[in-house]
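Colleague: Following this message is one structure expressed as C-alpha cells.
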Amino acid sequence: MTSNDEYVLEVLLDNGMVTTEQAEQAREQVGVRDGTVVDLLLADGVVTEDDVLGLLAGLFGMEFVSLGDQDIPADVRDMIKQETARRYSVVPVYKTDDGLMVAMSDPMLFDTLDSLRYLLKINVDGVVARRAEVQALLERYYPAETDVENMLDQITDGTVDVETVQDHLIDTDTSTDSDAPIIKLVSLIILEAYRSRASDIHLEPLEKRFRVRYRIDGVLHEVDGPPKRLQSAIVSRVKIMAGMKIAEKRVPQDGRIQVNILGRELDLRVSTVPANNGESIVMRILDKQNLALGLPKLGFFSDDQQLFERLIGLPDGILLVTGPTGSGKTTTLYACLNHINRPDRKIITVEDPVEYQMSGINQVQVNETIGMTFSLALRSILRQAPNIVMIGEIRDKETANIATEAALTGHLVFSTLHTNDAPSAVTRLLDIGVKPFLVASAVRAVIAQRLVRCICEHCREEYEPPPEIIASLGTGGQALQGRMLVRGHGCSQCGLSGYSGRKGLFEIFTVNDAIQHMIFDKLPVSEMRQHARELGMRTLREDGIRKVGAGVTTLDEVLRVTMGDED
C-alpha cells in the first residue's frame, strides 16, 4: 500500500501492532495470494488502513484526516493542474497562509511535496488520507479521458477536429506542434497500449497495411491499425520523439522517449529496423513504478524469497540471473538493487542500455561507438570503490574475468547470462574462457527464470485436469493428482484471455563446497544439476507445478515455458 512495504512492516512490528507470528504467517502466503506482506495483513484484518496511515503520518509529522465527500472550492482546485494532480496522486484541500495544503495517501513518497513546491512556486504542505478517498476526489475533480478508441477512429477517418483532443493525455517536450493529427494519433496509440497493460508496441509495415500489435502478458495481440497512407508520417513522428535521424532509413537506430501518461512517468525504449515495406518499430514500455513493487511481486514463494534475500545480502561474490530475452531478468535485477539500496552502500551499474533510472544509484551507459565498452566501463567503475556492481550482461571473456576479479576482491556483482537453466551458467562461463577456479570461487548462486501468465482474478473457475496431462508431467505431477485446478474462462477484465499479469518461475542454484569442487574438476553440468536437486533445488517446471497447485497459473502456461526442462 506504500512505496516501501518492508519499512512499514518493521514499523508495525516495532509498535506492537503486528506480532512476529502474524508477520510470518503473512510472509508464507506471499506468492500464493496476490499482494505484499502488508497487503495481506490488511486483507486479513490484522491491521486497518487507518492504523497504518495514522502511524506513518505521526512518524513523519503529518496529520491523518478523513476527506469523505469533501468539496474542494474552484479557486483551490485551480491551483493544481489536472496532469500535476494525477501525476503525483494528490488533491488540494485548502489554502494556507503561505501556500497550499494537499492530501496524499502515501506519506513515504518524500519527493512529492518538494516537487510540488518547485512546480507551483509556493509553499506546499501535506496531510495523509485514505487511498480510496484521494482517488475518489481525483476522479471527481480531475477526470481522465477514456474514450480513446472512438477518438482514434475519428482521427484516422479525418472526421474530428483535433482541437478537441486533450493535450494532457501524453506530455512530451519533443515538439511544439501539438495540434497535428499525426502527433495525436501516435500519442493515442501509446496511451491505448498503456491502458491495455502492454509491455511492447509493434508498428510493422506490411505490403498493403500498417499493422499495430501490443504484447500483453508476453503474447502479441493485433489491434486496429491506422491507414497505410499514414505509415510514413507515423514512423517519422516516433523517430522525432525518440531523437533519431529521420532521413536515415537504411540502418537500424535506437532511441528513447520519456512520456507522462495520465500522470504516470514512463520510459519507452525505441528500436527501428529497415524492412521490405518500410521501417519496423518496436517500443518497449518501461514503467518505473514496477521497481517499487518489491520482491514478493516477482512471484517468489516465501521459502524461495527468504533464500533469495539471503543471497542478495551477501557481502561479495557473483549472483547471475539467466533466461531468454523477455524472461524478466532485468526487472529481477532492478528489484534486487531497489531492495538493497541504502545510503551506506554505493551501487554502480554498467548497462546497454540504461532501462530504468533509479535514484541513489550511479548508472553508466555503454557506448561502443566511442569505445565505452562493458569491460572499459567496468574497469573504471571499480576505481570508484563501489560495494555493489550490476553488469547488464556478461558477453565476453574480458568482462567475465573483470567481474570475477571484482567478486573476489570484496564486491557483490549482479549480472545476466543467456542459458536455458541455472547450472548451465557454469558451463557458459567456462566456455567464455574464465578459469574454473575463478568460477568456483566467485559465483555464489545462479537464478534461472521464466515468466508465466497469472489466472485472472475476475473469472477464475475450478476444473478437473485430464489424467493424461498430469501423467505427462512425470513424477513432478504427483502433487496434482486427484486435485481440482484453477483456470480463467475469460471475461471483459482480461480481454477474454483468462489471464491477467505475469509472475516468475525460478530455479535457484546455489554453489556450495561440493559444487565448487565439481566446477574445479570440470565435471559435467548434469552431475552438478543432479547434486543440486538432491539438496533441494527445484527446477523451473517443479516451481511452476507448485504455482499451478496454488492457483497462480495454469498447467498450459507452465508446459509452454518449461517444455525444454527435464523432469
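Colleague: Touching a residue at least 60 places away in the same chain (Cβ under 8 Å), of a type outside the set (Val, Ile, Thr) and open to solvent by 30 Å² or more (accessible area, probe 1.4 Å): does that describe Arg27?
Modeller: On the way: touching a residue at least 60 places away in the same chain (Cβ under 8 Å): yes; of a type outside the set (Val, Ile, Thr): yes; open to solvent by 30 Å² or more (accessible area, probe 1.4 Å): yes.
Judged against the criteria, Arg27 is a match.
Colleague: Here's another thing I want to ask about it. Quick check on my filter: what residues within the range 299-355 are in a loop (DSSP other than H, G, I, E, B) and either in contact with a Pro (Cβ under 7 Å, 6 or more places away or on another chain) or under 22 Å from Gly410 (Cβ atoms) (or both)?
Modeller: Gly313, Leu314, Pro315, Asp316, Asn341, Arg342, Pro343, Asp344, Arg345, Lys346
Colleague: Looking for something within 29 Å of the chain's Cα centre (by Cα), assigned to a loop (DSSP other than H, G, I, E, B) and under 30 Å from Phe300 (Cα atoms) - is there at least one such residue anywhere in the range 71-85?
Modeller: no
Colleague: Please specify each residue of the range 131-151 satisfying the condition of being modelled with pLDDT of 85 or more, open to solvent by 60 Å² or more (accessible area, probe 1.4 Å) and of a type outside the set (A, V, I, L, M, F, W, C).
Modeller: Selection gives Arg131, Gln135.
Colleague: Another question about this same structure. Among the numbered criteria (1) more than 25 Å from Thr427 (Cβ to Cβ); (2) modelled with pLDDT of 90 or more, which single criterion is violated by Leu559?
Modeller: Every listed condition holds for Leu559 apart from (2).
Colleague: Quick one: would you say Gln493 is polar (S, T, N, Q), open to solvent by 70 Å² or more (accessible area, probe 1.4 Å) and assigned to a helix (DSSP H, G or I)?
Modeller: Yes: the conditions hold for Gln493.
Colleague: Further question: Which number in (1) of a type outside the set (Lys, Arg); (2) out of contact with any Pro (no Cβ under 8 Å at 6 or more places or on another chain); (3) not in a strand (DSSP E or B) marks the one condition that Gly360 misses?
Modeller: For Gly360, the failing item is (2).
Colleague: If I filter the range 256-289 down to residues being at pLDDT below 85 and out of contact with any Lys or Arg (no Cβ under 8 Å at 6 or more places or on another chain), which single residue comes out as farthest from Glu355 (Cα to Cα)?
Modeller: By that ranking, first place goes to Ile261.
Colleague: To continue, here is another question. Filter the range 105-144 down to residues that are part of a strand (DSSP E or B) and touching a helix residue (DSSP H, G or I) at 6+ places or on another chain (Cβ under 6 Å) and give me whichever is nearest to Asp51 (Cα to Cα).
Modeller: Checking each candidate, the answer is Val128.
Colleague: Next question. Can you name the residue in the range 508-536 that is in a loop (DSSP other than H, G, I, E, B) and either among the acidic types (Asp, Glu) or in contact with a strand residue (DSSP E or B) (Cβ under 6 Å, 6 or more places away or on another chain) (or both) and, of all such residues, is least open to solvent (accessible area, probe 1.4 Å)?
Modeller: The residue in question is Val511.
Colleague: Within the range 440-469, how many residues are open to solvent by 10 Å² or more (accessible area, probe 1.4 Å) and farther than 30 Å from Phe414 by Cβ?
Modeller: So the count comes out to 12.
Every residue, every condition in (1) open to solvent by 60 Å² or more (accessible area, probe 1.4 Å); (2) more than 26 Å from the chain's Cα centre (by Cα), yes or no:
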{"residue": "Leu203", "(1), (2)": "no, no"}
{"residue": "Arg211", "(1), (2)": "no, yes"}
{"residue": "Glu222", "(1), (2)": "yes, no"}
{"residue": "Lys245", "(1), (2)": "yes, yes"}
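Colleague: Here's something else I'd like to know. In the set Pro423, Pro353, Pro386, Pro343, which member is touching a His at 6+ places or on another chain (Cβ under 7 Å) and either over 29 Å from Gly299 (Cβ atoms) or not charged (D, E, K, R) (or both)?
Modeller: Result of the check over Pro423, Pro353, Pro386, Pro343: Pro386.
Colleague: In the range 352-409, what residues are of a type in the set (Lys, Arg) and either surrounded by 14 or more Cβ atoms within 10 Å (Cβ to Cβ) or within 25 Å of the chain's Cα centre (by Cα) (or both)?
Modeller: If the condition is that a residue be of a type in the set (Lys, Arg) and either surrounded by 14 or more Cβ atoms within 10 Å (Cβ to Cβ) or within 25 Å of the chain's Cα centre (by Cα) (or both), then Arg379, Arg395, Lys397 are the ones that fit.
Colleague: Among the numbered criteria (1) touching a strand residue (DSSP E or B) at 6+ places or on another chain (Cβ under 7 Å); (2) in a helix (DSSP H, G or I); (3) closer than 29 Å to Leu120 by Cβ, which single criterion is violated by Met62?
Modeller: (2)
Colleague: Have a look at Leu13, Leu42 and point out the one that is modelled with pLDDT of 80 or more and either farther than 30 Å from Cys454 by Cβ or surrounded by 15 or more Cβ atoms within 10 Å (Cβ to Cβ) (or both).
Modeller: Among Leu13, Leu42, only Leu42 is modelled with pLDDT of 80 or more and either farther than 30 Å from Cys454 by Cβ or surrounded by 15 or more Cβ atoms within 10 Å (Cβ to Cβ) (or both).
Colleague: Just to be sure I understand, how many residues within the range 374-388 are in contact (Cβ under 8 Å) with a residue 24 or more places away in the chain and of a type in the set (Ser, Thr, Tyr)?
Modeller: Of the residues in the range 374-388, 1 are in contact (Cβ under 8 Å) with a residue 24 or more places away in the chain and of a type in the set (Ser, Thr, Tyr).
Colleague: Right, here's the next one. Just to be sure I understand the filter: pairs with C-beta atoms under 6 Å, separated by 6 or more residues or on different chains, first member in the range 524-540 and over 14 Å from Ala514 (Cα atoms), second member among the acidic types (Asp, Glu). Which pairs pass?
Modeller: Partner pairs satisfying both residue conditions: Thr539/Glu507; Thr539/Asp565; Leu540/Glu507; Leu540/Asp565.
Colleague: While we're on this one: Please find, within the range 335-347, the residue that is most open to solvent (accessible area, probe 1.4 Å) out of those that are of a type outside the set (A, V, I, L, M, F, W, C) and more than 16 Å from Asp5 (Cβ to Cβ).
Modeller: Pro343
Colleague: Right, another one. Residue by residue through the range 546-559, note down the ones that are part of a helix (DSSP H, G or I) and open to solvent by 10 Å² or more (accessible area, probe 1.4 Å).
Modeller: Of everything in the range 546-559, those that are part of a helix (DSSP H, G or I) and open to solvent by 10 Å² or more (accessible area, probe 1.4 Å) turn out to be Arg546, Gly549, Asp556, Leu559.
The values are calculated or read from the model by the stated rules, or taken from the named source; none is laboratory data. Computed from a prediction, not measured in an experiment: that's the story for all the values here. All Cβ positions, glycine included, derive from the backbone under ideal geometry; neighbour counts span all protein chains shown. To get the accessible areas, we keep the full protein, side chains included, count just its heavy atoms, and leave off ligands, DNA and RNA. Shrake-Rupley method; radii C 1.70, N 1.55, O 1.52, S 1.80 Å.
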